[in-house]
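Chemist: One structure, pasted below without further comment.
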Amino acid sequence: MKVDRRTFLGRVTIGASAAIAGLVGLPIVGYLFAPLFARAAPTFVEVGKLAEFKLGETQLVHFKDPSPLAWAGQTAETALWVRRRATEDFQVFNVNCTHLGCPVDWRASARLFFCPCHGGVYNEDGSVAGGPPPRALFEREWRIEGDRLLIREAALPTPGGTR
Ligand code: FES
């Protein structure tokens, strides 16, 4: 079969365009659909030794939260409130108020968390005691490994969200 020059160049152009579109488009398609197939195993990170947490007390631990954004920088530095309810029973709260995200403060004498921004108040179990917060403090999944307290890595929840 004889192919004239115009037809040949047309086919070469279409083939080259398809190859370039494939090279450019494949990573985009992969990026869009990868979350559907990715199932990363949860990872737990240490927040302290068990001996550091006194029974019946709530204390602050500093923590670097993982962030999906490489440029999160300083914003990934956060803290958690760790409440030791029993020898092997904890509650771990995100430090951020569930209203608009201000860091809450624990007052041991009142056994309450207070938010300095709009007067939100939480009970020691994290439930709302008063003020504008729409829900209890966000809790982190935890577990004990040997003599260490670990929490599950997770992105910071959004105030007002359901997590
Ligand atoms: Fe805490 Fe508004 S941010 S009450």
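Chemist: In degrees, nearest 10, range 0 to 90: what is the angle between the Cα axis of helix 5-37 and the longest Cα principal axis of the chain?
Modeler: Roughly 10 degrees between the two axes.
Chemist: Of the accessible area of the chain, with the probe set at 1.4 angstrom, what percent is carbon plus sulfur?
Modeler: Numbers: 6420 of 10670 Å².
The C+S portion of the solvent-accessible surface of the chain is 60 percent.
Chemist: Next question. Taking the inverse of the average 1/r across all pairs of different Cα atoms in the chain, what Kirkwood radius in Å do you get? Present the calculation step by step, with values, prior to reporting the outcome.
Modeler: Values: mean 1/r = 0.0517 Å⁻¹.
Roughly 19.3 Å, rounded to one decimal.
Chemist: Over the chain, with a Gaussian network built from C-alpha contacts below 10 Å, which listed residue (G146, G22, G48) shows the highest mean-square fluctuation?
Modeler: Answer for the Gaussian network model of the chain: G22.
Chemist: Over all alpha-carbon pairs of the stretch 94-149, lay out the pair-distance distribution in 5 Å bins, whole %, shortest bin first.
Modeler: 5, 22, 29, 18, 11, 9, 5, 2, 0
Chemist: Can I ask one more? Please give the net charge around H62, taking every other residue with its beta carbon less than 15 angstrom from that of H62, where Lys and Arg add +1 and Asp and Glu add -1. List each step's numbers first, then the result.
Modeler: Working: positive: K49, K64, R140; negative: E46, E52, D65, E77, D105.
Once positives and negatives cancel, what remains is -2.
Chemist: Would you calculate, for the chain, the mean residue ellipticity at 222 nm contributed by helices, counting each DSSP H stretch of 4 or more residues as -39,500 (n - 2.57) and dividing by all residues, to the nearest 500?
Modeler: -7500 deg cm²/dmol
Chemist: Return one whole number: the accessible area per residue of the stretch 1-135 in Å², for a 1.4 Å probe. Walk me through the numbers before you get to the answer.
Modeler: Values: 9040 Å² over 135 residues.
Each residue of the stretch 1-135 exposes 67 Å² on average to a 1.4 Å probe.
Chemist: Once you have the Kirkwood Rh of the stretch 50-144 from its Cα pairs, apply Stokes-Einstein at 25 °C and 0.890 mPa s and quote D in µm²/s.
Modeler: Details: Rh = 13.9 Å.
Estimated diffusion coefficient is 177 µm²/s.
Chemist: Less than 15 Å Cβ to Cβ from R83, Lys/Arg counted +1 and Asp/Glu -1: what total charge do the surrounding residues give?
Modeler: Values: positive: K54, R84, R85, R107, R111, R140; negative: E52, E57, E88, D89, D105, E124, D125, E139, E141.
Taking every Cβ under 15 Å from that of R83, the sum is -3.
The values are calculated or read from the model by the stated rules, or taken from the named source; none is laboratory data. These numbers come from a predicted model, not from an experiment. Backbone-built Cβ (ideal geometry, glycine too); neighbour counts: all protein chains shown. Accessible surface areas use protein heavy atoms only, side chains included; no ligands, DNA or RNA. Shrake-Rupley method; radii C 1.70, N 1.55, O 1.52, S 1.80 Å.
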